[in-house]
Amino acid sequence: MSKKRLLSGVKPSGRSHIGNYFGAMRQFVALAETHDAFVFVADYHAMNTVHDAEKLRQNIIDVVLDYLAVGLDPKSVVLFKQSDLPEHTELCWIFNTITTMPYLQRAHAYKDAVARGKEINVGTFDYPMLMAADILLYEPDVVPVGADQKQHVEYARDTAEKFNRMYGDTFKLPNTYTPKNVAVVPGVDGQKMSKSYNNTIPLFASNDELRKSAMSVVTDSKGVDEPKDPETCNVFALHKLVGTEALDDIEKRYREGGIGYKESKEVLAERLIALVTPLREKRTELQGKQGLVEEVLAEGAEKARMVALKKMEEVRRVVGVTI
Ligand code: ADP
Ligand code: TRP
C-alpha cells in the first residue's frame, strides 16, 4: 500500500521554542517518517508581518536548520520554500476570483486582528486563500496543524468544493490532523508559551540561558516545607513535558512539602540542558555546512515542482486560460 501524503507549512517567524518543539516539531518529524511528506517554509505568509529583508532571510535559514536539527530527513521528506514555487501565488489568485469578501471576513484570524484594532494588509485578509493554494496543489491526505489553524484547513476544503462545483472535479478535499495528547506548553509567565508573549524557553538556547529561563518560571510564594499543588505549578508542568526522572518522587515532595521551588527549578534546568544539548550540537554542526540549506531547498523545490506544475496545468485548462 502506498503511503498517505502529508503536507504542512511552517512560518519562518523567529527562534523556535520548547512550546513549538513539544506542540508541533516533534510530532511532525514522527509523522513524516510514516508518510509521503511535503513540508514547506511559508515565507510569503511570513511577509505579512516581516518586511525586513535580512531578517526574513535569516528566519528562513533558521527554520530550515531547526527542523533538520530535530530530525526531519530531507532525503525522505520534500522540504521546500513556498516562494520557490510561483504556482502557490498563481493558484491563490485563481481562488481569489471565486471567493467572496464576506466569506474571508468570517475567518478567526481576521476577526481577531479587527478586534484588536489593527490595520490589516490585504495579504493578511487573503491569508486563507494562499494557504488553500498551498494545500490543494499537493492533494494531501492529511494536513497536521495546531488548533489555531484548523479553520484555515476548513477554508481550503470549502474552496476546493466550490471550485469543483464550478469547474468539475479538480481538487481532492483535505483533512486536518491535530495530534492528540498535545499539551499546551506554558511559558515562563504561566500563559501559553508564545513568541508573541515574550515568555519562551528557546529550543536551541545555551546552558546559561536555559538555567536562567528555568529559574524565571513564575510560581506562588510557598516556602520549602509547605505542601504544593503539582497540578497548578508551571514548573511541574514543564517537568512532565521534558520527562524529568523520578517525577513520582518530586510529586510526592510537592504534595507533602519538602521541596522548594528553587530546587524544583534547578532539577528542571538540568533536564532541559540534557534535552537540548544534543539538538543544539546537531544544529551547530549543520550550520557549519556551507550551502546546506540552499542545497536542501533546491532539491525540495525540484521535487515539489513536479507535483505543483502538473496540477496547475490542469487548473489553467479547466478555468479556460489555456487556449
Ligand atoms: P508562536 O505562538 O510562538 O508564534 P507559532 O504560532 O509559530 O508559535 O506556532 C508554531 C507551531 O507550534 C504551531 O503548530 C503551534 O500549535 C505550536 N505551538 C506554539 N506554541 C505552543 C505551545 N505553547 N504549546 C503547544 N504548542 C505550541
Ligand atoms: N498558517 C500556518 C501557520 O501559521 C502555516 C501554513 C501556511 C500552513 N500554509 C500552510 C500550514 C499549509 C499547513 C498547510 O502555522
request  = Would you calculate, for the chain, the mean residue ellipticity at 222 nm contributed by helices, counting each DSSP H stretch of 4 or more residues as -39,500 (n - 2.57) and dividing by all residues, to the nearest 500?
outcome  = -16000 deg cm²/dmol
query = Counting only protein heavy atoms, what percent of the accessible surface of segment 43-159 is carbon or sulfur at a 1.4 Å probe?
reply = 55 percent
ask   = Amide H to amide H under 5 Å from Tyr177: which residues, 5+ apart in sequence or cross-chain, H placed 1.01 Å off N in plane?
value = Val143, Val145
request  = Kindly rank 80-89, 27-36 from highest to lowest mean number of other beta carbons found within 10 Å of each residue.
outcome  = 80-89, 27-36
ask   = Roughly how big is segment 147-262's charge dipole about its Cα centre, with Cβ charges of +1 (Lys, Arg) and -1 (Asp, Glu), in debye to the nearest 20?
value = 400 debye
ask   = Over what distance in Å are the Cα centres of segment 234-304 and segment 1-58 separated?
value = 19 Å
remark   = With +1 on the Cβ of every Lys and Arg and -1 on the Cβ of every Asp and Glu, the dipole magnitude of the chain about its Cα centre, in debye rounded to the nearest 20, is 500 debye
message = Which of rounded, prolate or oblate describes segment 70-180 when judged by the alpha-carbon gyration tensor and an a/c cut-off of 1.5?
response = oblate
ask   = Hey, what do the phi angles of segment 148-154 turn into as Karplus ³J(HN,Hα) couplings, whole Hz, using 6.51/-1.76/1.60 and θ = phi - 60°, x for Gly and Pro?
value = 5, 9, 4, 4, 5, 5, 5
remark   = For segment 204-284, whose charge dipole is built from +1 on Lys and Arg Cβ atoms and -1 on Asp and Glu Cβ atoms, the candidate among His239, Ser206, Leu275 with its Cα farthest towards the positive end is Ser206
ask   = Across the Cα atoms of the chain, what radius of gyration and what greatest pairwise Cα-Cα distance (Dmax) are found, in Å?
value = 22.1, 80
remark   = Here the gain from full extension of Gln58 to Ile98, 0.36 nm per residue of separation minus their alpha-carbon distance, amounts to 10.9 nm
ask   = How large is ³J(HN,Hα), in whole Hz, for each residue of segment 278-285 in order, when computed from phi with the Karplus curve 6.51 cos²θ - 1.76 cosθ + 1.60 and θ = phi - 60°, using x for Gly and Pro?
value = x, 5, 5, 5, 4, 5, 4, 4
task = State to the nearest 20 debye the size of the charge dipole of segment 55-117 about its Cα centre, where the only charges are +1 on K and R beta carbons and -1 on D and E beta carbons.
result = 280 debye
request  = Give the angle, between 0 and 90 degrees and rounded to the nearest 10, that separates the Cα long axis of helix 53-69 from the longest principal axis of the Cα atoms of the chain.
outcome  = 70 degrees
message = Quick check for you: with a 1.4 Å probe and neighbouring chains kept, what is the accessible area per residue of segment 1-70, in Å²?
response = 45 Å²
ask   = Taking the highest mean first, how do the peptides 115-123, 183-191, 16-24 order by number of other beta carbon atoms within 10 angstrom per residue?
value = 16-24, 183-191, 115-123
ask   = Taking the Cβ of Ile259 as the center, what net charge do the other residues with Cβ under 13 Å away carry, scoring Lys and Arg +1 and Asp and Glu -1?
value = -2
ask   = Using a basic spin-label model with each label point 7 Å from the Cα along Cα→Cβ, how many nm lie between Glu245 and Ser2?
value = 4.7 nm
Selection from Met166, Gly117, Gln105, by position along the positive dipole direction of the chain (Cβ) = Met166
request  = Please determine, in degrees from 0 to 90 and to the nearest 10, the orientation of helix 292-319 with respect to the longest principal axis defined by the Cα atoms of the chain, where the helix direction is its Cα long axis.
outcome  = 40 degrees
inquiry  = Using 0.36 nm times the number of residues separating Glu256 and Gln151, minus their current alpha carbon distance, what extension gain do you get?
reply    = 33.4 nm
query = Karplus couplings for segment 6-21 from phi (6.51 cos²θ - 1.76 cosθ + 1.60, θ = phi - 60°), rounded to Hz, Gly and Pro as x?
reply = 10, 9, 8, x, 10, 7, x, 10, x, 5, 5, 10, 5, x, 4, 4
ask   = Once the piece of chain linking Thr232 and Thr170 is laid out straight, how much longer is it, given 0.36 nm per residue of separation minus the C-alpha distance between them?
value = 17.3 nm
query = What whole-number value in cubic angstrom gives the convex hull volume per residue for the C-alpha atoms of segment 204-284?
reply = 75 Å³
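The values are calculated or read from the model by the stated rules, or taken from the named source; none is laboratory data. Keep in mind the model is a prediction, meaning the values are calculated, not measured. Using ideal geometry, Cβ is built from the backbone for each residue, glycine included, and neighbour counts are taken over all protein chains shown. Heads up: the accessible areas ignore ligands, DNA and RNA and are worked out on the full protein's heavy atoms, side chains in. Shrake-Rupley method; radii C 1.70, N 1.55, O 1.52, S 1.80 Å.
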